[in-house]
Amino acid sequence: MEYIGEHIWAGNLGRLAVILAFTSAILSSVAYYFFNKTQDASWKKLARTSYYLHAGSVFTIVGTLFFMMANHYFEYDYVWKHTSLDLPGRFLFSAFWEGQEGSFLLWMFWHAVIGLILVHTAKSWESKTVPVLTFVQAVLATMVMGVYVFGVKVGSSPFILIRNLEENIGAPWTEWTDYLQKFPAFMDGNGLNPLLQNYWMTIHPPTLFLGFALVIIPFCFAIAGLLSKDHKGWIKPTLPWAIVGVSVLGTGILMGGAWAYEALSFGGFWAWDPVENSSLVPWLTLVAAMHLMLIQRNKGGVLVATYFFTMISFSLVLYSTFLTRSGALGDTSVHAFVDLGLNAQLLVMLLLFAIGPFVIFWARYKGIPKSSKDENMSSREFWMFVGALILLISAIQITLSTSLPIFNSWFGPNGMLPLFENDQVLDDVIGHYNSIQVPFAIVVTLLMAITQFLSYNKTPNKFIWKRTAFSLIISLVIAVFIAIG
């Protein structure tokens, strides 16, 4: 049956681009692997060509979906759900990444852009880092496939027609070839949530997802360093990426805070919303990893910790993705995604990239150079390392508290292992976090103030007081005025 008014070509193009993005990412990873094995330049040429094809496919997916939304192809479920005829054009981007599929595509888009930069700047590290990125991209591509493999649905496609949704197959209105013109429900879309029709929705998600995407580059270099056994060489090219990642992700989190105050009237510190927490945690560990890279570059001796913090940062980005998209936070967060049936797939992705890298780490552990002497307590590196540990403890506490809905669903009275008597979350959420996180924040702030005056290896006491005296006096004067005020 041929339906009148449907733009089938757009959906076919989008689905074809998704399959091409997946296959070209796999091909690029395989080609880089054989180049590393053989050093045959033809493999590298194939790997690069495949990556360019992958990036082009991702751009095609994004461009096609934007075109469909801008032209109001309401026969497509994603377009109908997130746009409407009266939606102002400036919110079209917001509508694009309002849904799970669009946000996955935004993440893939930034990965593709960053990968193009990595291909042309990584030099000798290209063949070792890019295949890690393309493998991650291949897994992300499965999230927007929407195909059935042996009866199991893989991903959720933004290019599915409303009449092809499982709940609509065989519905009476599907017998009309001109249903788009006959039924008012298809003449306009559902539109964008009024709370999301805000300029922050236009700039906050792309900034945040760019920050998420940047976290993968230090991860790629860390895996490359482990696999190639070049345990020290990866630090120098990674450090600029880590600094940019910390800056961009931190900016995205601050934007989310401003938006929450303005649009949602939280009435308290915004970060205690679980979804925002899940973005904060990888930022904390990435900040720690960045400082450890500085220590390793200037002094050495912290390779094991640098590997750990770098890899755990990406793992926590994935855990953030799982928490946000599994539907587990639907009752405790105002802007978590609904469950689209991707829980098993999300869990596989999390386990794959959270456990796999640490298996490699453990296998290479004995070969990682380690320092045999203790650091001096008056040295800069000692207190920077202490600061990194405090950030890790802070991240662990936030993660555990944020994950309470998951624990309750799994181990509560209705869960798989009923260990708890009830499934209530914390009554005083803000008080709970503040009682633990405020002391951490005070300690970290003190370390930030003092550590910059210390030297590597050892700092004589007279130099410590000489360097800090002026700052201490100014700080005390300001503190007295603030206290009186």
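The values are calculated or read from the model by the stated rules, or taken from the named source; none is laboratory data. All values reported here derive from a predicted model rather than from experimental measurement. Cβ placement follows ideal geometry from the backbone for every residue including glycine, while neighbour counts extend to all protein chains displayed.
Brief remarks on what is shown
- Hey, PHE470 in a helix (DSSP H, G or I), surrounded by fewer than 10 Cβ atoms within 10 Å (Cβ to Cβ) and hydrophobic (A, V, I, L, M, F, W, C) or not: yes
- Considering only residues in segment 82-101 that are surrounded by 19 or more Cβ atoms within 10 Å (Cβ to Cβ) and among the charged types (D, E, K, R), the one that is modelled with the lowest pLDDT turns out to be GLU98.
- When residues of segment 428-467 are limited to those that are surrounded by 14 or more Cβ atoms within 10 Å (Cβ to Cβ) and without any contact (Cβ under 8 Å) to a residue 24 or more places away in the chain, the one nearest to the chain's Cα centre (by Cα): PHE453
- Annotation: of all residues in segment 259-286 being of a type in the set (Ser, Thr, Tyr) and modelled with pLDDT of 65 or more, the one that is nearest to ILE398 (Cα to Cα) is SER278.
- Some residue of segment 36-43 being surrounded by 21 or more Cβ atoms within 10 Å (Cβ to Cβ) and either in contact with a Phe, Trp or Tyr (Cβ under 7 Å, 6 or more places away or on another chain) or not in a helix (DSSP H, G or I) (or both): no
- When the criteria are applied in full, ALA141 fails the requirement of being touching a residue at least 60 places away in the same chain (Cβ under 8 Å), in contact with a helix residue (DSSP H, G or I) (Cβ under 9 Å, 6 or more places away or on another chain) and surrounded by fewer than 21 Cβ atoms within 10 Å (Cβ to Cβ).
- Leading residue by the ranking (surrounded by the most Cβ atoms within 10 Å (Cβ to Cβ)) among those in segment 44-56 that are under 26 Å from the mean Cα position of the chain (by Cα) and closer than 15 Å to TRP125 by Cα: ALA47
- Looking across segment 371-388, the residues that are surrounded by 13 or more Cβ atoms within 10 Å (Cβ to Cβ) and out of contact with any Asp or Glu (no Cβ under 6 Å at 6 or more places or on another chain) come down to SER371, ASN376, SER378, SER379, ARG380, TRP383, MET384, PHE385, VAL386, GLY387, ALA388.
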